[in-house]
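Colleague: Next up is a structure, given as structure tokens.
The values are calculated or read from the model by the stated rules, or taken from the named source; none is laboratory data. These figures come from a predicted structure and were not determined experimentally. For neighbour counting, all protein chains shown are included, and Cβ atoms are generated from backbone atoms with ideal geometry for every residue, glycine included. We work out accessible area using only protein heavy atoms, side chains counted, and drop any ligands, DNA or RNA first. Shrake-Rupley method; radii C 1.70, N 1.55, O 1.52, S 1.80 Å.
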Amino acid sequence: MTGGKGQVVFAIYSALTSGLSPFLFLHLQWRRFRGLEHPVRWRERFGHPSCPRPPGPLVWFHAVSLGEGMAAIPIIKHCVQKQPNVTILMTTTTVSAFEVIKDKLPNGVIYQFAPIDVPASVDAFLVYWNPIAVFLMESELWPNLVLSASKKGIAVALLNARVSTKSFKLWSGPVGLPLISLMLSKISLIAPLSTLQGIHFQLLQASPSVVHFAGDLKYAIGEVDVSEMEVKKVRDLQLLLSHRQIWMASSLHMGEEQVMIWVHKALLQMYPDMVSIIVPRHPQDGQHMALVIRNAGLNVVMRSHGQKILPSTNFYIVDTLGELRSLYSLSPIAVIGGSFIPGLAGHNISEAAASGCAVLTGPHVGHFSHMVLGMQRVNPMSVQQVPGKEKLLEALKVLIADAEALEMHRVAAREAFLALSSGVVENIWKLINAHVFKQAFRDSQGFDSRNKL
């Protein structure tokens, strides 16, 4: 019954997206005009390739943006090592992801922009690249993509799978449930990023036989190399800040800079040489944040402008891409944004923990709550979750004034990260091998069945 309803809903969705294709084209051109699409490679979004497909089997990894794409890199590297005769295609949707990830992928991995979920674009993409398997990261469940791939006999897997609270309510409704149930029935493997997420997928009628928890791939981002250029840039910055008291607030959303300004002003009374480093979640927000800081009567310099830190500098805004991991080595304290304003859902805390920072976060952490709770279970001192700016100030005062307490929190964060990151990539690979590759290779032409997986 649900399958029949799902087919009806999918037929309607497919017809609507097909009919809206001209408007989606115009919308994408508007995004390109605003710098949100690649100025040259935007045609890839409609399934038009920009490079030749090599012969032989090919697997496709897809992530929407930078965080999800970075989480895919460790498993891509593992695939390169274990299956050197397989071509790997990586796609993302955003330009920001492209600018960073293109330099971090192993040699030989093809990088394209993902097609929009319109039948013609998806079909053109799948026919040209002809993957034997598709690995979707986190919540990238698009009906035309999933069902078209399945129809063509392409294995589909969902890695680090999650569904937000809002999406879960939408998918659980009378229209959404038949469609999501149909999509999930076509997926060979669902590897959720937490056991709770695994339950959510089963409530959405995913078969228990395809849901297997193996850990959160975002813990494996620590395996992604930091370039020598990034290290050099940070080393130069570290020299400038070596005699200053510093702390960092990363992945800040618009409005959260107000919290950090309030905290900074309070700390400034005790530490006149204090420098607060702000890393906006979206670099384009840096200009606005700088204006807000100046209006608060504080001095600010911006990294994108090449401005130097002066003795009078209060805030240093890092409004650039791809430097966050190396920046964590600058500061002993990292406050993770996206968590201090209702409606936000937190961000990855494992990168800061991997760098040995004392980690703090606000109350609104969304699906990252599993990461906060998981690290706290390993060591209660690994992450401090504060309910607001007053408690954030109290926690920072302790960490800055008490070197022993700071060191204990830093060690706890690092130890929790190591405990939770151990074996994640290997666990995911075993699931991929058992549930996706063996079947995909067996069904594909030209695969040497004697090849040891």
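Colleague: For region 125-146, which positions are assigned to a helix (DSSP H, G or I) and either under 22 Å from Ser65 (Cα atoms) or of a type in the set (S, T, N, Q) (or both)? Write out each step before concluding.
Modeller: In the first step, residues of region 125-146 are kept if they are assigned to a helix (DSSP H, G or I); the result is 125-129, 143-146.
Those that are assigned to a helix (DSSP H, G or I) and either under 22 Å from Ser65 (Cα atoms) or of a type in the set (S, T, N, Q) (or both): Phe125, Leu126, Trp129, Pro143, Asn144, Leu145, Val146.
Colleague: Name the residue that is surrounded by the fewest Cβ atoms within 10 Å (Cβ to Cβ), counting only residues in region 11-58 that are basic (Lys, Arg) and outside any helix (DSSP H, G or I). Can you show your working first?
Modeller: Within region 11-58, the subset basic (Lys, Arg) is 31-32, 34, 41, 43, 45, 53.
Still in the running and outside any helix (DSSP H, G or I): 34, 53.
Working: Arg34: 9, Arg53: 14.
Here the answer is Arg34.
Colleague: Open to solvent by 20 Å² or more (accessible area, probe 1.4 Å) and at negative phi: is that true of Asn130 in this structure?
Modeller: Values: open to solvent by 20 Å² or more (accessible area, probe 1.4 Å): yes; at negative phi: no.
Judged against the criteria, Asn130 is not a match.
Colleague: Looking at the structure I just gave you, is Ala434 part of a helix (DSSP H, G or I), at pLDDT below 95 and open to solvent by less than 80 Å² (accessible area, probe 1.4 Å)? Can you show your working first?
Modeller: Details: part of a helix (DSSP H, G or I): yes; at pLDDT below 95: yes; open to solvent by less than 80 Å² (accessible area, probe 1.4 Å): yes.
Here the answer is yes, as Ala434 does meet what is asked.
Colleague: Let me spell it out: the conditions are (1) open to solvent by less than 50 Å² (accessible area, probe 1.4 Å); (2) closer than 22 Å to Gly35 by Cβ, and Phe315 meets all of them except one. Which number is the exception?
Modeller: Condition not satisfied by Phe315: (2).
Table: residues versus (1) hydroxyl-bearing (Ser, Thr, Tyr); (2) touching a residue at least 12 places away in the same chain (Cβ under 8 Å); (3) farther than 29 Å from Gln197 by Cα.
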site: Gly374; (1), (2), (3): no, yes, no
site: Met381; (1), (2), (3): no, yes, no
site: Glu394; (1), (2), (3): no, no, yes
site: Ile400; (1), (2), (3): no, yes, yes
site: Leu406; (1), (2), (3): no, yes, yes
site: His409; (1), (2), (3): no, yes, no
site: Ala412; (1), (2), (3): no, yes, no
site: Val425; (1), (2), (3): no, yes, no
site: Lys430; (1), (2), (3): no, yes, no
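Colleague: Is one or more of the residues making up region 297-304 part of a helix (DSSP H, G or I) and open to solvent by less than 50 Å² (accessible area, probe 1.4 Å)? I'd like the intermediate steps shown before the answer.
Modeller: Applying the first criterion (part of a helix (DSSP H, G or I)) to region 297-304 yields 303-304.
Imposing the further condition that a residue be open to solvent by less than 50 Å² (accessible area, probe 1.4 Å) reduces the set to 303.
Yes, because at least one residue in region 297-304 is part of a helix (DSSP H, G or I) and open to solvent by less than 50 Å² (accessible area, probe 1.4 Å).
Colleague: Right, here's the next one. Out of Asp236, Asp225, I need the residue that is open to solvent by 10 Å² or more (accessible area, probe 1.4 Å), outside any helix (DSSP H, G or I), at pLDDT below 80 and out of contact with any Leu (no Cβ under 8 Å at 6 or more places or on another chain). Which one?
Modeller: Working: Asp236 fails: outside any helix (DSSP H, G or I).
Just one listed residue meets the conditions, Asp225.
Colleague: While we're on this one: Would you check which residues across region 153-183 are over 22 Å from the mean Cα position of the chain (by Cα), open to solvent by less than 50 Å² (accessible area, probe 1.4 Å) and within 25 Å of Cys79 (Cα to Cα) and list them?
Modeller: Answer for region 153-183, where residues must be over 22 Å from the mean Cα position of the chain (by Cα), open to solvent by less than 50 Å² (accessible area, probe 1.4 Å) and within 25 Å of Cys79 (Cα to Cα): Ile154, Ala155.
Colleague: Further question: For region 327-373, how many residues meet the condition of being in a helix (DSSP H, G or I), of a type in the set (Gly, Ala, Ser) and open to solvent by less than 10 Å² (accessible area, probe 1.4 Å)? Step through it out loud before you land on a result.
Modeller: As a first pass, look at region 327-373 and keep what is in a helix (DSSP H, G or I): 327, 350-354, 366-373.
Narrowing the set further to residues that are of a type in the set (Gly, Ala, Ser) leaves 350, 352-354, 366, 369.
From the residues that got through so far, the ones that are open to solvent by less than 10 Å² (accessible area, probe 1.4 Å) too are 350, 352-353.
Adding up the residues that qualify gives 3.
Colleague: Next up: May I ask you to say which residue of Met408, Met381 is at pLDDT 95 or above, on the phi < 0 side of the Ramachandran plot and either part of a helix (DSSP H, G or I) or open to solvent by 80 Å² or more (accessible area, probe 1.4 Å) (or both)?
Modeller: Values: Met381 fails: either part of a helix (DSSP H, G or I) or open to solvent by 80 Å² or more (accessible area, probe 1.4 Å) (or both).
Being at pLDDT 95 or above, on the phi < 0 side of the Ramachandran plot and either part of a helix (DSSP H, G or I) or open to solvent by 80 Å² or more (accessible area, probe 1.4 Å) (or both) holds for just one of Met408, Met381, which is Met408.
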